[in-house]
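A.B. asks: Below is the structure I would like to discuss, written out as structure tokens.
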Amino acid sequence: MAVLESILLVGGKGTRLRPLTINTPKPMLPVAGVPFTEHQIAIARAAGVTRVVLGTSYRAEVFSDYFGDGSAFGVALDYRVEDEPLGTGGAIRNAAAALTCGPDDPVVVFNGDILTGLDIPAMVRAWVEADADVALYLTRVDDPRAFGLVPTVGDRVTAFLEKPQTPEEIVTDQINAGCYIFRRSVIDEIPTGRPVSVERETFPGLLEAGRTVLGWVDPGYWLDLGTPLAFAQGSADIVTGVVGSPALPGAPGPALVGDGAQVRGECTAGTSVGAGAVVGERSQVRSSVLFDRARIGSDVVVENSIIGAGSSIGDGCVLRGVVVGDGARIGAGNELLDGVRVWPDMVLDDCSVRFSSDQ
Ligand code: GTP
């Protein structure tokens with residue numbers, strides 16, 4: 001197969017990552033030094049994908065301004081924009097207009113927020129061998145309640161249970177991991193011109209019609225970067241090399257330091273420091289993402305947090321598990337904990353207060 005095509009779904013609003021997603025679509029936020037979509041494209045390319053269609057909606061121009069025709073990233077790139085978000089299935093159908101492959105060829109579809117060490121060629125081979133309509137990438141998790149459950153018998157999917165509510169509904173620990181191999185002609189069966197969810201409509205419909213839906217359980221790395229904690233974790237895992245990405249600038253290590261950044265304190269556990277950012281003396285930054293030009297004062301502790309572009313954190317602050325929007329200013333001595341979100345350009349004065357969303 002000369003051309004292997006892929007659709008990336010990058011049109012979501014990313015509400016769980018607000019306020020970082022007010023101006024930037026979630027997949028374009030910097031993860032380990034580059035927009036997350038750049039990692040996804042590099043990983044797909046390494047697996048043999050040669051053409052990628054980005055299914056965009058929210059802030060579509062941010063993608064095309066950065067990626068252009070894809071030549072600088074080693075793939076041919078095309079875009080399909082939805083005027084109104086069409087949901088996951090509607091977006092796949094809409095993006096398929098830009099595919100060049102034949103009706104029986106495989107199309108690799110990715111949610112735009114999953115980080116994975118999935119063996120894509122092995123999954124495509126399994127799809128071919130099973131002569132399947134669709135193959136679903138499944139992963140096992142300890143607590144499957146927030147996900148779509150996908151029980152299997154042998155390698156065949158038997159049901160698709162979106163976000164189970166009761167203990168009786170938790171029939172498996174296998175969840176939909178957000179990557180699919182579709183037979184092209186199956187995409188063409190998805191209705192046009194209205195929102196469609198693959199999770200709620202397309203997959204259950206295929207099962208009801210007795211079509212061949214393969215469950216491909218991959219035991220390797222998987223993370224959905226949809227929440228702030230997972231976002232910081234995913235970035236740290238790329239920086240330290242827990243999961244490989246050809247788009248990581250440089251070699252894996254304890255921290256990634258961007259151009260012109262000054263680190264006087266210590267950045268560890270996969271922290272990513274954006275271009276022109278500053279980390280003051282005796283400060284400790286662990287497993288966090290500092291966007292470009294963020295300024296961390298002296299004697300500051302930052303853990304599992306995302307610090308927006310151009311924001312500043314005063315001396316002696318402690319931040320654990322928080323999101324600070326672009327341009328915000330946190331005065332000296334504040335303690336921000338556990339899910340606190342500071343809106344862009346907000347100013348918190350020097351007042352030694354403790355903010356925690358748990359209280
Ligand atoms: P939250 O609002 O925080 O749940 O994030 P999200 O908007 O990204 O939604 P979700 O994580 O459920 O979406 C899974 C993937 O599908 C993401 O990569 C989204 O970008 C993408 N997606 C969701 N809805 C649409 C849509 O209507 N159109 C397109 N093109 N992509 C979508």
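A.B. asks: Under a 1.4 Å probe, what is the accessible area of region 254-356 per residue, stated in Å²? Mind showing how you got there, number by number?
C.D. replies: Details: 4130 Å² over 103 residues.
In whole numbers, region 254-356 has 40 Å² accessible per residue.
A.B. asks: Above 23 angstrom, tally the Cα pairs of region 82-223 and express them as a % of all pairs, no decimals. Display every interim value, and only then the final one.
C.D. replies: Values: 3110 of 10011 pairs.
In whole percent, the long-distance tail amounts to 31.
A.B. asks: Taking the chain as a Gaussian network, Cα atoms linked when under 10 Å apart, which of 146, 46, 159 shows the biggest mean-square fluctuation?
C.D. replies: 146
A.B. asks: Work out the length of the dipole vector of the chain about its Cα centre, built from +1 on the beta-carbon of each Lys and Arg and -1 on the beta-carbon of each Asp and Glu, and round it to the nearest 20 debye. It would help to have the intermediate numbers written out before the result.
C.D. replies: On the way: 28 positive and 45 negative charges, 69 e Å.
Its charge dipole is roughly 340 debye.
A.B. asks: Using 7 Å Cα-to-Cβ label points, what is the residue 298/residue 275 separation (nm, one decimal)?
C.D. replies: About 3.0 nm, to one decimal.
A.B. asks: Once you treat every alpha carbon in region 285-328 as an equal point and sum by Debye, what is log10 I(q)/I(0) at q = 0.14, 0.30, 0.32 Å⁻¹?
C.D. replies: -0.23, -1.13, -1.25
A.B. asks: While we're here: Kirkwood hydrodynamic radius for region 254-356: how many Å is it when counted over pairs of different Cα atoms? Spell out each step's value before the answer.
C.D. replies: Values: mean 1/r = 0.0792 Å⁻¹.
Computed over Cα pairs of region 254-356, the Kirkwood hydrodynamic radius comes out at 12.6 Å.
A.B. asks: What are the extents of the Cα atoms of the chain along their three principal axes, listed from largest to smallest and rounded to whole Å?
C.D. replies: The Cα atoms of the chain stretch 63, 49, 36 Å along their principal axes.
A.B. asks: Can I ask one more? Only Lys, Arg, Asp and Glu count, each charged at its Cβ (+1, +1, -1, -1), so figure out the dipole size of region 254-356 about its Cα centre, rounded to 20 debye.
C.D. replies: Values: 9 positive and 13 negative charges, 25 e Å.
Value, rounded to 20: 120 debye.
The values are calculated or read from the model by the stated rules, or taken from the named source; none is laboratory data. Not measured: the values here are computed from a predicted model. Virtual Cβ from ideal backbone geometry, glycine too; neighbours counted across all protein chains shown. In case anyone asks, the SASA skips ligands and DNA or RNA and just uses the protein heavy atoms, side chains included. Shrake-Rupley method; radii C 1.70, N 1.55, O 1.52, S 1.80 Å.
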